[in-house]
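The values are calculated or read from the model by the stated rules, or taken from the named source; none is laboratory data. Note that this is a predicted model, so its numbers are computed, not measured. Here the Cβ positions follow ideal geometry from the backbone for every residue, glycine too, while neighbour counts run over all protein chains shown. Accessible surface areas use protein heavy atoms only, side chains included; no ligands, DNA or RNA. Shrake-Rupley method; radii C 1.70, N 1.55, O 1.52, S 1.80 Å.
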Amino acid sequence: MRYSLRGVDKPKTLVIGIDDTDSKRAMCTTYVGAVALRELEMRGFTRTDHPRLVRLNPNCPYKTRGNAAVALLISAEKGLEDEVESVVASTVERLADMECEGTDPGIVMAWEEEAGLLREVYWKALTEIVELGDVKRLLKDLGIRFRCYSEGRGIIGAAAAVGADPSTLMTYEAIAYRVPSKWGTERLVDAESVVEMDRALCDFTFDNYDYEKGEVRITPHTPCPVLAGVRAVTDVHARAGLMMVRFLEPIDFVEVFRTNQATDSHYLPSSVAAAKPLTSCAIRGVISEPPRMTVGGHVFTKLRDSTGEITLAAYYPTGSFREAVLNLAPGDEVIVYGAVKPKPQGPTLNLEKLHIVRLEPKYVFEAPRCPNCSSRRRMKSMGRGKGYRCERCGFRDPNAVPRRIPVPRPLAQGIYEVAVSARRHLVMPERLRLLRSHYQHR
């Protein structure tokens, strides 16, 4: 802990946002943030909370992979901002993949009492596309420190991470980082131990393993410094879950992040007409055409509300979720969740979750049996609204109508989800929602 020479100023929390230090070929912003935090601690600064891993709009065209920024929270005194910025900047400059086009790091620093001024930036960056110029002007107007590299788009995510709404930071992720000599090589993780951990901590962790596809989900598939990450409802269970996994290679270090992952906080309640491309929406309406499956295994249908109609798409990687979509029928009332994408056929909502509110009853119709024949054979229609006649005995009944028989639907009311391997970081698993509801009512 540092103290001012006069002993007057009390340490306060300084929030440091970092973003866009990675590329598709290397690095990870969580790693840069974690290393910067360790560097600050070596210089005597102490953390006041877990660092934040803040996911932003997953539809952003400028994102590298998962569109995540980080924020570090440390105890510091007024007057030490230059030292803090120097440490963070030197870490970013040393580790960011600056040689790759599109890597545009940004650093934003604000005292905790100023961080709330960036709350609007957070919500916009989470749900919309934010303009770089708007954020720069705001930071200048507020007198908040920031530093840009290259085009500097990273200050958007950095500012959003600083201003992240605490009410959305509801989950944790413990991340194990690889030793540098292992970067870019195959990750050596015992898959059986991941399943064992998932079953042991199923009430606290989530999205560890995709049982439908038989895939480990705690390891990334990119050449970055991350070895594995376990997500949980508490920091304790995130770390405990990570420690239960058998790693067949050395771990450099572990950091636990507080996150907004698995919170559904990116969804905007919307109508069909108001759904904007590159946003994630929740729309209530009715299915307006029979679903169809294409040659590639993708399923398409349409949703209608009072404002218009939009195409729904469930793509092959979503797994058995497509069966639920394929079994929908016109008239079914649903709430659909997903990303709005501009397509040649018009805006299309890529489904991430489906809530069936009401199923339209389905029937088959049977011709009435002849009341005059001992065989009780079924009669034939004489035309729409003209009744039925028996071909065997000639009996006619102009008032006879077909018998309506309900057909069981292979669906039920409730929520249907994509395969774990197809789930986006911000989407809340239904199991997690049920767990939270259980704990809240205990």
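Observations
- None of ARG284, ARG304 is surrounded by fewer than 18 Cβ atoms within 10 Å (Cβ to Cβ), charged (D, E, K, R) and under 24 Å from the mean Cα position of the chain (by Cα) except ARG284.
- Residue list for the range 285-317, restricted to those being under 20 Å from SER271 (Cβ atoms) and either in contact with an Asp or Glu (Cβ under 9 Å, 6 or more places away or on another chain) or of a type in the set (D, E, K, R) (or both): GLY285, VAL286, ILE287, SER288, GLU289, THR301, LYS302, LEU303, ARG304, ASP305, GLU309
- Checking each residue in the range 9-60 for being open to solvent by 20 Å² or more (accessible area, probe 1.4 Å), within 29 Å of ALA339 (Cα to Cα) and more than 21 Å from the chain's Cα centre (by Cα) picks out ARG25, ALA26.
- Candidates in the range 394-409 are the residues that are at pLDDT 90 or above and in a loop (DSSP other than H, G, I, E, B); of these, the one that is nearest to ASN327 (Cα to Cα) is ARG409.
For every residue, the table says whether it meets (1) of a type in the set (Val, Ile, Thr); (2) at pLDDT 95 or above.
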site: GLU81; (1), (2): no, yes
site: GLU85; (1), (2): no, yes
site: MET98; (1), (2): no, no
site: ASP104; (1), (2): no, no
site: LYS124; (1), (2): no, yes
site: VAL130; (1), (2): yes, yes
site: LYS136; (1), (2): no, yes
site: ASP141; (1), (2): no, yes
site: GLU151; (1), (2): no, no
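- Within the range 286-316, the set of residues being of a type in the set (Gly, Ala, Ser) and within 29 Å of GLU212 (Cα to Cα) comprises GLY296, GLY297, ALA313, ALA314.
- Of residues in the range 61-73 being touching a residue at least 40 places away in the same chain (Cβ under 8 Å) and surrounded by fewer than 23 Cβ atoms within 10 Å (Cβ to Cβ), the one farthest from GLY17 (Cα to Cα): PRO61
- Where strands (runs of 3 or more DSSP E) fall wholly inside the range 326-376, the ranges with 1 or more residues that are within 24 Å of ALA422 (Cα to Cα) and within 25 Å of the chain's Cα centre (by Cα) are 333-341, 348-358.
- GLU391 meets all of the listed conditions (1) in contact (Cβ under 8 Å) with a residue 40 or more places away in the chain; (2) assigned to a loop (DSSP other than H, G, I, E, B); (3) out of contact with any Asp or Glu (no Cβ under 6 Å at 6 or more places or on another chain) but one, namely (1).
- Residues satisfying the stated conditions in the range 252-262, i.e. surrounded by fewer than 20 Cβ atoms within 10 Å (Cβ to Cβ) and either under 18 Å from the mean Cα position of the chain (by Cα) or of a type in the set (A, V, I, L, M, F, W, C) (or both): PHE253, VAL254
- Pair list, Cβ under 7 Å, 6 or more apart: the range 124-138 residue in contact (Cβ under 8 Å) with a residue 40 or more places away in the chain, other residue open to solvent by 20 Å² or more (accessible area, probe 1.4 Å) and aliphatic (A, V, I, L, M): THR127/LEU268; ILE129/LEU278
- Residue that is over 18 Å from GLU309 (Cα atoms), charged (D, E, K, R) and in contact with a strand residue (DSSP E or B) (Cβ under 9 Å, 6 or more places away or on another chain), where the choices are LYS341, LYS362: LYS362
- Within the range 98-112, residues that are open to solvent by less than 10 Å² (accessible area, probe 1.4 Å) reach partners that are of a type in the set (Phe, Trp, Tyr) and not in a loop (DSSP other than H, G, I, E, B) with beta carbons closer than 7 Å, at six or more positions or on different chains, in the pairs GLY106/PHE146; ILE107/PHE146; VAL108/PHE146.
- The range 287-301: number of residues that are assigned to a strand (DSSP E or B), open to solvent by 40 Å² or more (accessible area, probe 1.4 Å) and small (Gly, Ala, Ser): 0
- Against the list (1) at pLDDT 95 or above; (2) touching a Pro at 6+ places or on another chain (Cβ under 8 Å); (3) of a type in the set (D, E, K, R); (4) farther than 24 Å from LYS213 by Cα, the condition ARG378 fails is (1).
- Enumeration of residues in the range 155-184 that are charged (D, E, K, R), within 27 Å of VAL236 (Cβ to Cβ) and out of contact with any Cys (no Cβ under 9 Å at 6 or more places or on another chain): ASP165, GLU173
- Selected residue (criterion: farthest from PRO105 (Cα to Cα)) from residues of the range 145-183 that are open to solvent by 40 Å² or more (accessible area, probe 1.4 Å) and free of Cβ contacts under 8 Å to residues at least 60 places away in the same chain: SER167
- LEU117 being open to solvent by less than 60 Å² (accessible area, probe 1.4 Å) and either within 30 Å of VAL340 (Cβ to Cβ) or at pLDDT below 95 (or both): no
- Each residue in the range 21-45 was checked for being at pLDDT 95 or above, under 20 Å from ILE175 (Cα atoms) and of a type outside the set (A, V, I, L, M, F, W, C), and 7 of them qualify.
- Members of the range 219-251 found to be outside any helix (DSSP H, G or I), crowded, with 18+ Cβ neighbours inside 10 Å and touching a Phe, Trp or Tyr at 6+ places or on another chain (Cβ under 8 Å), listed by number: CYS224, PRO225, VAL226, LEU227, ALA228, ARG231, ALA232, VAL233
- Here GLU391 fits the description: open to solvent by 60 Å² or more (accessible area, probe 1.4 Å) and over 30 Å from LEU278 (Cβ atoms).
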